[in-house]
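Participant: I have a structure here, written as C-alpha cells, and I will follow up with some questions on it.
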Amino acid sequence: MGECQHNHGDHDSHDHNHDHGHDAHGPDSHAGHDHGSDGHADHDCGQGHGGLFGHHHVHTPASYGRAFAIGIALNLAYVAGEAAWGVRSHALSLLADAGHNLSDVLALGAAWLAEILSRRVPSRDFTYGLRRSSILAALGNAVALLVVTGGIMWEAVLRLIHPHPVAGVAVMVVAGIGIAVNGVTAMLFASGGRTDLNLRGAFVHMVSDALMSLAVVAGGGLILMTGWLRIDPVICLVVSLSIIVATWSLLRDSLDMALDRVPRGINAEQVDAFLRTLPGVCDLHDLHIWPISTTETALTVHLVRDASENGHAPDGLLNRAARELHERFGIVHPTFQIETLSDAGHCVLADAHTI
C-alpha cells in the first residue's frame, strides 16, 4: 500500500508506510487511517492486511481467579459427598445432581482457563491476544451442559418405567448442603455475569444447580409423605427441562459471538446513523461490528468524506468517533478508513454484500 495519513486528534498529521488490518490495531482512535486522494495514486481501499503489529492498548479483563478457585474446591468436595450418598441411598436425583455438579466443576475449570488465556498480552501472531478463548469456553460449556442434561433425562425416563426405592432423608440432607454450596458459588460470579458471557456461563451453572438441589429437597419430603417413588425421576425431568431453558440463551449468545454476529446490546443501524453524523462524512460502507471476546467489541468502517476537506479528516474526527462509539455503544476497538468520493467509487468493498 501507499502512504496512510493517521489523524490523531488535534495532533499534526504524520505519514507512515503502514499495512493495516482488523488484527493489527489497538482499541482506540489511534487505529484511524486517513486515506485521502493525496496520499497515494492507486487506492484499493487499504486491503493490505499485513502482519505489522502496531499500537496496542490492552483492555485487560478483571480477574476472577480467586472466585474460580473457591468455586471449584467447594463443588469438588460436594460432588464427592453427593455421589457417595446417591449410590448408598439409590437416589437418582442425587446422582443426577452429582453428575451435573461434576460437569459444572469442569465448566468452571474451562471458564477459568479461558479467563487466564484472555489476559495474555497480544503478540505478532495473535494480535488481539487470546481474547476469543472466553467465547469458545462459553460455547463449550453450554453444549456440555445440554449433553449432560440430556443423559440425565434419559435415565429419569428409565426410572419412571422401573422405579427404585429412595432414602428420602438422605436425599434432603445432601441436597440441602448443595443449595448452600451452589448458592455461595453463584454469588461469586453474580456481578461479573452481567457483562461477561464467560462468567455468565459459570453463574448459570451454579444457579441451575442450586435450583435442582432445592427441587430435590422438595422431592425427598414428598417421598417421605407419600411413598410414591416416581416423584424422584419426575422432579429430575422437571429440573432438567428448566436447566435446558436456562442454558438455551447461553448457547444462543455464545454461538452468535463465535459466528461474529453483531453483539445483542448493539444496534448496527444506530451505529451507522451515528457515523453518518460525523463532520465531513457524507457516506460510509464496509461497516463491520463483531465481538473480540465476551466483553469487548471491535468495529471497522470506510468513511467517505467530501473532497473539499483537502485530503484531511476534520481535526479531532477520529478521536471523537472512537470516544463516542465507546460511550454510546461499548465499542472499544474501532478502525476507520477515510476515503474521498472518488476513492469510494473505485473501492472493491463498496458493495454491501462484499466482505
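Participant: Looking at Leu145, Leu139, Leu117, Leu113 in this structure, which one is at pLDDT below 85, in contact with a Ser or Thr (Cβ under 8 Å, 6 or more places away or on another chain) and of a type outside the set (Phe, Trp, Tyr)? Can you show your working first?
Facilitator: Details: Leu139 fails: at pLDDT below 85; Leu117 fails: at pLDDT below 85; Leu113 fails: at pLDDT below 85.
Just one listed residue meets the conditions, Leu145.
Participant: Are any of the residues in the stretch 156-165 among the β-branched types (Val, Ile, Thr), in contact with a His (Cβ under 8 Å, 6 or more places away or on another chain) and assigned by TED's automatic domain parsing to the domain that holds Thr195?
Facilitator: As a first pass, look at the stretch 156-165 and keep what is among the β-branched types (Val, Ile, Thr): 157, 161.
Now restrict to residues that are in contact with a His (Cβ under 8 Å, 6 or more places away or on another chain): none.
Within the stretch 156-165, none of the residues are among the β-branched types (Val, Ile, Thr), in contact with a His (Cβ under 8 Å, 6 or more places away or on another chain) and assigned by TED's automatic domain parsing to the domain that holds Thr195.
Participant: Starting from the stretch 107-123, take each residue that is in contact (Cβ under 8 Å) with a residue 40 or more places away in the chain and farther than 9 Å from Ser133 by Cα and list its partners that are in a loop (DSSP other than H, G, I, E, B) and β-branched (Val, Ile, Thr), counting only C-beta distances under 6 angstrom and pairs at least six apart or across chains.
Facilitator: From residues that are in contact (Cβ under 8 Å) with a residue 40 or more places away in the chain and farther than 9 Å from Ser133 by Cα, the pairs are Arg119/Thr60.
Participant: Quick one: which of Gly81, Gly109 is surrounded by fewer than 18 Cβ atoms within 10 Å (Cβ to Cβ), more than 21 Å from Asn141 (Cα to Cα) and assigned by TED's automatic domain parsing to the domain that holds Leu199? Please lay out each step first, then the result.
Facilitator: On the way: Gly109 fails: more than 21 Å from Asn141 (Cα to Cα).
That would be Gly81, the only listed residue that is surrounded by fewer than 18 Cβ atoms within 10 Å (Cβ to Cβ), more than 21 Å from Asn141 (Cα to Cα) and assigned by TED's automatic domain parsing to the domain that holds Leu199.
Participant: Would you check if there is a residue in the stretch 236-245 being of a type outside the set (A, V, I, L, M, F, W, C) and outside the structural domain of Ile338 (by TED's automatic domain parsing)? Show your work before the answer.
Facilitator: Initially, the stretch 236-245 is screened for residues of a type outside the set (A, V, I, L, M, F, W, C), giving 240, 242.
From what's left, outside the structural domain of Ile338 (by TED's automatic domain parsing): 240, 242.
Checked against the condition, which is being of a type outside the set (A, V, I, L, M, F, W, C) and outside the structural domain of Ile338 (by TED's automatic domain parsing), the stretch 236-245 yields at least one hit.
Participant: In addition: Looking at Val262, Val239, which one is within 30 Å of Leu117 (Cα to Cα) and not small (Gly, Ala, Ser)? Steps first, please.
Facilitator: Numbers: Val239 fails: within 30 Å of Leu117 (Cα to Cα).
Just one listed residue meets the conditions, Val262.
A quick yes/no check of all residues on (1) touching a residue at least 24 places away in the same chain (Cβ under 8 Å); (2) not assigned by TED's automatic domain parsing to the domain that holds Leu318:
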position: Met225; (1), (2): no, yes
position: Trp228; (1), (2): no, yes
position: Arg252; (1), (2): no, yes
position: Glu269; (1), (2): no, no
position: Phe274; (1), (2): yes, no
position: Thr294; (1), (2): yes, no
position: Val301; (1), (2): yes, no
position: Arg305; (1), (2): yes, no
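Participant: Okay, next question. When the residues of the stretch 255-287 are filtered to those that are of a type in the set (Gly, Ala, Ser) and at pLDDT below 90, which remaining residue is nearest to Met172 (Cα to Cα)?
Facilitator: Going through the stretch 255-287, the residues of a type in the set (Gly, Ala, Ser) turn out to be 258, 265, 268, 273, 280.
Narrowing further to those that are at pLDDT below 90: 265, 280.
Numbers: Gly265: 41, Gly280: 69 Å.
If we take residues in the stretch 255-287 being of a type in the set (Gly, Ala, Ser) and at pLDDT below 90, then Gly265 is nearest to Met172 (Cα to Cα).
Participant: Now for a separate question. Could you check how many residues of the stretch 134-147 are under 18 Å from Ala298 (Cβ atoms) and surrounded by fewer than 24 Cβ atoms within 10 Å (Cβ to Cβ)?
Facilitator: 1
Participant: Further question on the same structure: Out of Ala111, Ala96, report the one residue that is assigned to a helix (DSSP H, G or I) and under 13 Å from the mean Cα position of the chain (by Cα).
Facilitator: On the way: Ala96 fails: under 13 Å from the mean Cα position of the chain (by Cα).
Going through Ala111, Ala96 in turn, the sole match is Ala111.
Here's the yes/no breakdown for (1) surrounded by fewer than 21 Cβ atoms within 10 Å (Cβ to Cβ); (2) over 27 Å from Gly151 (Cβ atoms):
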{"position": "Ile223", "(1), (2)": "no, no"}
{"position": "Thr226", "(1), (2)": "yes, yes"}
{"position": "Asp232", "(1), (2)": "no, no"}
{"position": "Val238", "(1), (2)": "yes, no"}
{"position": "Val245", "(1), (2)": "yes, no"}
{"position": "Asp253", "(1), (2)": "no, no"}
{"position": "Met257", "(1), (2)": "no, no"}
{"position": "Arg261", "(1), (2)": "yes, yes"}
{"position": "Ile266", "(1), (2)": "yes, yes"}
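The values are calculated or read from the model by the stated rules, or taken from the named source; none is laboratory data. Predicted model, so just to flag it, every value in this text is computed and none were measured. Please note: Cβ atoms are built from the backbone with ideal geometry, for glycine as well, and neighbour counts cover all protein chains shown.
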